[in-house]
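Student: Following this message is one structure expressed as structure tokens.
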Amino acid sequence: MTDNQAGWKMDNSYSRLPKIFYSLQKPTTVKAPEVVIFNETLAEELGLDSEALQSDDGAAIFGGNEIPEGGNPLAQAYAGHQFGHFTMLGDGRAVLLGEQITPDGQRFDIQLKGSGRTPYSRGGDGRAGLGPMLREFIISEAMVGLGIPTTRSLAVATTGEEIIRETMQTGAVLTRVAASHLRVGTFQFAANWGDTEDLRALADYAINRHYPELEKEENRYLAFLKNVIRRQAALIAKWQHVGFIHGVMNTDNMTISGETIDYGPCAFMDTYDPATVFSSIDRDGRYAYGNQPYIGGWNLSRFAEALLPLLHKEEDEAVKLAEEALSEFPEIFESEFLSGMRLKLGLFNEEKEDKALIADLLNLMNQHKADYTNTFKALTFGKLNESEMFKTEEFTQWHEKWQGRLGRQEQSKEDVQDLMSDNNPAVIPRNHRVEEAIEAANNGDLNVMVKLLEIMANPYEHSPDQEEFCKPAPPSARPYRTFCGT
Ligand code: AMP
Ligand code: MG
């Protein structure tokens, strides 16, 4: 296979940033790379040839033994607030091979995760286990189906080597595709370990890559800050709409592009409860479902702090500008949240009381431990015999109010149902389903995962074959706990 046949068209613009931002680093070679799952749809979007890549040559690339032509592998430097504590981090087990230029001229990072030690590995082995890498594959691709901005997964390759965790695990490498891997933490790194020119170079690079329309703005760095705030507010609102809990919203896990990144201990909420936490390491509930918007705002404050030297030459003035921009976050988030919730309730226009109508429903769901996804699905199709909550007097009153509200807009019942079914997924990657798929894959059977991915590719389809994926986990599978997955 030549690279031409496989379709690689690589550049590495990141390596043209000042040298403090990375360390050139090849992936560590592995014993016997083998591709266990490959994303043909994504390969096609990237201009890659699936057939050519599902070969030994492809396995050599996805395992880290060969570098596609034009690649210039490097580990990125970044810092981050982890559970509130600031640390130097960096790619400790990942390398950026380069950026694939797609046939329509877009640029996507191609990163190997689990590809061995780097100068930023600290005490870690630089490796990843098959289970956690398949988990990232499943959840990130499910996010694509749900219509939520996210990094993507091109392939998972096993390495033919075992890694040591609590038990021995099959070693694996995930090929992650992202608009970029620029993080809030990359800017914190620049602000703490670089000079203003390094910071400016990074900001200009990020603007050029993700917000080119801002290049003409008078204060492009302020405009940049405001736009990242906007994209993150929109992203987190989308998470809330589907009950996605990221689990480790550290500042190194928040992108500048507005994509969801780093699927570690994330999971989807079954029963509606804002206090839901799945991650075994999040003991204080810092990253609970209901906290995600606040943490988003907190992280963006760290981003604004890092940008201060670029916002204005007078520090006081810079702080004022940053504070003004940050003060808009709660409003933007709420407006994004409410518009998405209106769609979920079939509302085409806005009324002042919508906020209370939405809050009342969520409160009822919380009180009656209703399944989040299935409640909205039942409302969509008027199947109000499915849960205990629907039999209560309070719900009946809420339902009357909602019907009254629907009656005050001109759209027909059919229009309302169409809007709702387009905005309420029939399926989410339920935790027990994800576990089941990973377990089967660990035992050499990929069919369960392939089926789950197929179902999750069209979550708004509302077709009969989704039925068996709609059921919440049996009580025996709860409380569900996720682990950091290193
Ligand atoms: P994460 O929790 O995945 O966001 O990772 C936090 C930091 O730990 C990042 O700098 C990772 O690169 C690093 N890290 C995670 N696992 C490993 C590992 N097995 N070896 C080296 N570094 C790691
Ligand atoms: Mg991370």
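Student: Considering only residues that are of a type in the set (Ser, Thr, Tyr) and either closer than 30 Å to ILE207 by Cα or surrounded by 23 or more Cβ atoms within 10 Å (Cβ to Cβ) (or both), which ones fall in the stretch 248-271?
Tutor: THR251, THR255, SER257, THR260, TYR263 - these are the residues of the stretch 248-271 that are of a type in the set (Ser, Thr, Tyr) and either closer than 30 Å to ILE207 by Cα or surrounded by 23 or more Cβ atoms within 10 Å (Cβ to Cβ) (or both).
Student: If you go through the stretch 309-344 one residue at a time, how many are under 25 Å from ASP195 (Cβ atoms), without any contact (Cβ under 8 Å) to a residue 24 or more places away in the chain and surrounded by 18 or more Cβ atoms within 10 Å (Cβ to Cβ)?
Tutor: Here the count works out to 1.
Student: Taking only the stretch 69-96 into account, find how many residues are crowded, with 20+ Cβ neighbours inside 10 Å, within 16 Å of ligand 2 (Cβ to nearest atom) and not in a strand (DSSP E or B).
Tutor: 6
Student: When you scan the stretch 102-125, how many residues do you find that are in a loop (DSSP other than H, G, I, E, B) and away from ligand 2 (no atom under 14 Å from the Cβ)?
Tutor: 10
Student: Same structure again: Picking from GLU99, GLU44, GLU66, GLU51, which residue would you name as being part of a loop (DSSP other than H, G, I, E, B), within 18 Å of LYS9 (Cβ to Cβ) and among the charged types (D, E, K, R)?
Tutor: Going through GLU99, GLU44, GLU66, GLU51 in turn, the sole match is GLU66.
Student: Across the stretch 445-486, which residue is nearest to ligand 1 (Cβ to nearest atom) among those that are modelled with pLDDT of 95 or more and small (Gly, Ala, Ser)?
Tutor: ALA457
Student: Regarding ALA306, is this residue buried (at least 17 other Cβ atoms within 10 Å of the Cβ) and of a type in the set (A, V, I, L, M)?
Tutor: When the stated conditions are applied, ALA306 passes them.
Student: Can you report the number of residues in the stretch 138-164 which are in contact (Cβ under 8 Å) with a residue 40 or more places away in the chain and over 25 Å from ALA237 (Cβ atoms)?
Tutor: Residues meeting the conditions: 8.
Student: While we're on this one: Please verify whether the stretch 254-277 includes one or more residues that are within 15 Å of ligand 2 (Cβ to nearest atom), at pLDDT below 95, outside any loop (DSSP other than H, G, I, E, B) and under 22 Å from GLY114 (Cβ atoms).
Tutor: Checked the stretch 254-277: no residue is within 15 Å of ligand 2 (Cβ to nearest atom), at pLDDT below 95, outside any loop (DSSP other than H, G, I, E, B) and under 22 Å from GLY114 (Cβ atoms).
Student: If you don't mind, another one. Keeping to the stretch 425-445, report how many residues are crowded, with 16+ Cβ neighbours inside 10 Å and more than 21 Å from the chain's Cα centre (by Cα).
Tutor: The qualifying residues number 2.
Student: On to the next question. I need every pair where a residue in the stretch 243-259 that is more than 19 Å from TYR289 (Cβ to Cβ) and among the hydrophobic types (A, V, I, L, M, F, W, C) has its Cβ under 6 Å from the Cβ of a residue that is part of a loop (DSSP other than H, G, I, E, B) and away from ligand 1 (no atom under 12 Å from the Cβ), sequence separation at least 6 or different chains.
Tutor: From the stretch 243-259, the pairs are ILE256/LEU182.
The values are calculated or read from the model by the stated rules, or taken from the named source; none is laboratory data. Model, not experiment: these values are computed from the prediction. Methodologically, a virtual Cβ is constructed for each residue, glycine included, from the backbone with ideal geometry; neighbour enumeration extends over all protein chains shown.
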